[in-house]
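Peer 1: One structure, as structure tokens, below. Some questions next.
The values are calculated or read from the model by the stated rules, or taken from the named source; none is laboratory data. Since the structure is predicted, the reported quantities are computational estimates derived from the model, not experimental observations. FYI the Cβ positions are ideal-geometry reconstructions off the backbone, even for glycines, and counts take in every protein chain you see. Just so you know, the surface numbers come from the protein's heavy atoms only, side chains and all, with ligands and any DNA or RNA stripped out. Shrake-Rupley method; radii C 1.70, N 1.55, O 1.52, S 1.80 Å.
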Amino acid sequence: MHFAAGKCGFEELRPLIHLLLPLCVHWIAEEMTVSVLVDVITNALCSQNTTCPQAIYFNGTEQTIVGIFKMVVLPLLGQLADEYGRKPLLLLTVSTSIFPFALLVWDQSKGYIYAYYVLRTISKILSQGSIFFISVAYAADTVQESRRAAVFGWITGLSSASHVVGNLLARFLPEKYIFVVSIVLLMFCPIYMYFFLHETVKPIPKNDEEPNWLSKTVNVLNRRFRTMRDAIEIVIDNPTLRSITYVSFFLNLGMTGITNVLMFYLKAVFGFDKNQNSEILMLVGIGSIFTQMLVLPLINPLIGEEAILCLGILASVAYALFYGLAWAAWVAYLAASFKVIYVLARPAIYAIVSKASSSSNQGKAQGFVAGVESIASFLSPLVMSPLTSWFISSDAPFDCKGFSIVCASICLVKHF
């Protein structure tokens, strides 16, 4: 019985091979830069100070700006994916990461780090979150509703597997080659998609009857406004979508804040370097592969997406508390292990949104939820960045360097 279910899962994945292959390469290319970026940025901005408050503030500012623009951009990308097809939007979003990393191949001095932050901010506005939800909409076009949760679990599991491979490359490649290899892999993705990825949505026909560019512009803006209003109504009028949007907001508010400061916190408190950061990321990645690709398809028919989501939220609370109260370096590894369970929340959310949406509104619904999550991404750095910098400094009012992460756990328990 389980073998038959697994075989069915592989059959469902077969039409997605030309989507999943370039996505895995893209995730590998991005992940292999994560652990080394901490050292590169810290060395460029404050080479004599391991706590580097400038880097924490820059990351917080970047995340805030990204969150502001994503509130509008992600729902818009969801609408465009429904109207003009998944493929052109995927080509756009996977291409944006090439340019900021190309700068770091050229030079890693302070001026180039500033330029990197500008380009990376633009890249994240267009690609952070959108690649995943457009891919989920693409999968929903080809997969039966009853199999979507398992397939979404496989997609997030492959993402975790890609993160493991990326961290292995970061662990063993010389630092001077990491960004070069990353650029080559990032360039491969849009080229492969252009030639091999098939469209699943019939684009709306172009209307060239408008007499001039001004009329065309007004009509486009009116259509975008109407579509945005329709997306809001779809979510508000559906109790399931309304509830999952609320849950996603607070979950993202807490976890985004933690992710934004975590590596700088570990470097400042426990002296973690590139290798230790890679070890933690690999620990999470390997465990996430197991839970998302093997455990999720087995337990989903038994307990459902809602119970899986609750399990993931509880794990996120433990994740935050253990990191925030960590008294030794090994506790950080223990805290990381809870993320292996927390990652189940993401495919559960995708499945709940997908089931509650019609086939013609997959992009709109997923994009709207992602847009609400981006509000959380905008808000969390406003508190987390200054609070983290304050408590890891010598001016902290009391000795709890992870106090900001403990505070983030409050957002995570808000669901209950």
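For (1) surrounded by fewer than 20 Cβ atoms within 10 Å (Cβ to Cβ); (2) free of Cβ contacts under 8 Å to residues at least 40 places away in the same chain, each residue gets a yes or a no:
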{"site": "Val66", "(1), (2)": "no, no"}
{"site": "Lys70", "(1), (2)": "no, no"}
{"site": "Val73", "(1), (2)": "no, no"}
{"site": "Lys87", "(1), (2)": "no, no"}
{"site": "Gly111", "(1), (2)": "yes, yes"}
{"site": "Tyr117", "(1), (2)": "yes, no"}
{"site": "Ala150", "(1), (2)": "no, no"}
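Peer 1: Given the options Thr121, Thr200, Thr142, name the one that is within 28 Å of Ala44 (Cα to Cα) and of a type outside the set (Gly, Ala, Ser). Show your work before the answer.
Peer 2: Numbers: Thr200 fails: within 28 Å of Ala44 (Cα to Cα); Thr142 fails: within 28 Å of Ala44 (Cα to Cα).
Just a single option satisfies the conditions, and that option is Thr121.
Peer 1: Do we find that Leu13 is part of a helix (DSSP H, G or I) and modelled with pLDDT of 75 or more in this structure? Even if it seems obvious, please write down each step before you answer.
Peer 2: Values: part of a helix (DSSP H, G or I): yes; modelled with pLDDT of 75 or more: no.
No; evaluated as a whole, the condition is false for this residue.
Peer 1: Need pairs with beta-carbon distance below 6 Å; first residue free of Cβ contacts under 8 Å to residues at least 12 places away in the same chain and within segment 250-269, second part of a helix (DSSP H, G or I) and open to solvent by less than 30 Å² (accessible area, probe 1.4 Å); sequence gap 6+ or separate chains.
Peer 2: Short answer, once both residue conditions are applied: none.
Peer 1: Can you tell me how many residues in segment 387-406 are in a helix (DSSP H, G or I) and either assigned by the TED database to the domain that holds Gly60 or open to solvent by 50 Å² or more (accessible area, probe 1.4 Å) (or both)?
Peer 2: Qualifying residue count for the region: 2.
Peer 1: Kindly provide the set of residues from segment 280-295 that are among the polar types (S, T, N, Q) and open to solvent by 20 Å² or more (accessible area, probe 1.4 Å), ordered by number.
Peer 2: Our first condition is that a residue be among the polar types (S, T, N, Q); within segment 280-295, this holds for 288, 291-292.
Listed by number, the list is empty, since nothing qualifies.
Peer 1: If I go through segment 270-279 residue by residue, how many of them are open to solvent by less than 20 Å² (accessible area, probe 1.4 Å) and not in a helix (DSSP H, G or I)?
Peer 2: To start, the set of residues in segment 270-279 that are open to solvent by less than 20 Å² (accessible area, probe 1.4 Å) comprises 272, 277-278.
Filter once more, keeping what is not in a helix (DSSP H, G or I): 272.
So the answer is 1.
Peer 1: Something else about it: Mind checking whether some residue in segment 154-170 is small (Gly, Ala, Ser), within 29 Å of Asn252 (Cβ to Cβ) and either open to solvent by 70 Å² or more (accessible area, probe 1.4 Å) or in contact with a Lys or Arg (Cβ under 6 Å, 6 or more places away or on another chain) (or both)? Talk me through it step by step, then tell me what you get.
Peer 2: Restricting attention to segment 154-170, the residues satisfying the condition of being small (Gly, Ala, Ser) are 157, 159-162, 166, 170.
Narrowing further to those that are within 29 Å of Asn252 (Cβ to Cβ): 157, 159-162, 166, 170.
From what's left, either open to solvent by 70 Å² or more (accessible area, probe 1.4 Å) or in contact with a Lys or Arg (Cβ under 6 Å, 6 or more places away or on another chain) (or both): none.
Within segment 154-170 (the criterion being small (Gly, Ala, Ser), within 29 Å of Asn252 (Cβ to Cβ) and either open to solvent by 70 Å² or more (accessible area, probe 1.4 Å) or in contact with a Lys or Arg (Cβ under 6 Å, 6 or more places away or on another chain) (or both)), the answer is no, since none of the residues qualifies.
Peer 1: Report yes if Ile113 is in the same structural domain as Phe188 (by the TED database) and under 30 Å from Lys355 (Cα atoms), otherwise no.
Peer 2: Values: in the same structural domain as Phe188 (by the TED database): yes; under 30 Å from Lys355 (Cα atoms): no.
Considered against the rule, which asks whether it is in the same structural domain as Phe188 (by the TED database) and under 30 Å from Lys355 (Cα atoms), Ile113 comes out as no.
Peer 1: Then there is this: Can you name every residue in segment 142-155 that is under 22 Å from the mean Cα position of the chain (by Cα) and either at pLDDT 80 or above or over 29 Å from Ala356 (Cα atoms) (or both)? Give the steps one after another, and end with the answer.
Peer 2: Pass one, segment 142-155, residues under 22 Å from the mean Cα position of the chain (by Cα): 148-155.
Once the filter is applied, which keeps residues that are under 22 Å from the mean Cα position of the chain (by Cα) and either at pLDDT 80 or above or over 29 Å from Ala356 (Cα atoms) (or both), segment 142-155 yields Val151, Trp154, Ile155.
Peer 1: Follow-up question, since we're still on this one. What residue, among those in segment 125-142 that are of a type in the set (Ser, Thr, Tyr) and more than 22 Å from Phe378 (Cβ to Cβ), is most open to solvent (accessible area, probe 1.4 Å)? Show your work before the answer.
Peer 2: Of all residues in segment 125-142, those of a type in the set (Ser, Thr, Tyr) come to 127, 130, 135, 138, 142.
Of the ones still in play, those that are also more than 22 Å from Phe378 (Cβ to Cβ) are 135, 138, 142.
Numbers: Ser135: 2, Tyr138: 9, Thr142: 53 Å².
The residue in question is Thr142.
Peer 1: Further question: Would you mind stating whether Val73 is under 30 Å from Phe196 (Cα atoms) and not assigned by the TED database to the domain that holds Phe378? Lay out the reasoning, then the answer.
Peer 2: On the way: under 30 Å from Phe196 (Cα atoms): yes; not assigned by the TED database to the domain that holds Phe378: yes.
Yes, satisfied.
Peer 1: Run Ala376 past the list (1) touching a Leu at 6+ places or on another chain (Cβ under 7 Å); (2) open to solvent by 20 Å² or more (accessible area, probe 1.4 Å) and report the number of the one that doesn't hold.
Peer 2: Ala376 satisfies every listed condition except (2).
Peer 1: Shifting gears a bit: Restricting to segment 183-203, name every residue that is over 16 Å from Glu83 (Cα atoms) and open to solvent by 70 Å² or more (accessible area, probe 1.4 Å).
Peer 2: As a first pass, look at segment 183-203 and keep what is over 16 Å from Glu83 (Cα atoms): 183-197.
Within segment 183-203, Val184, Met187, Phe188, Ile191, Tyr194, Phe195, Phe196 qualify.
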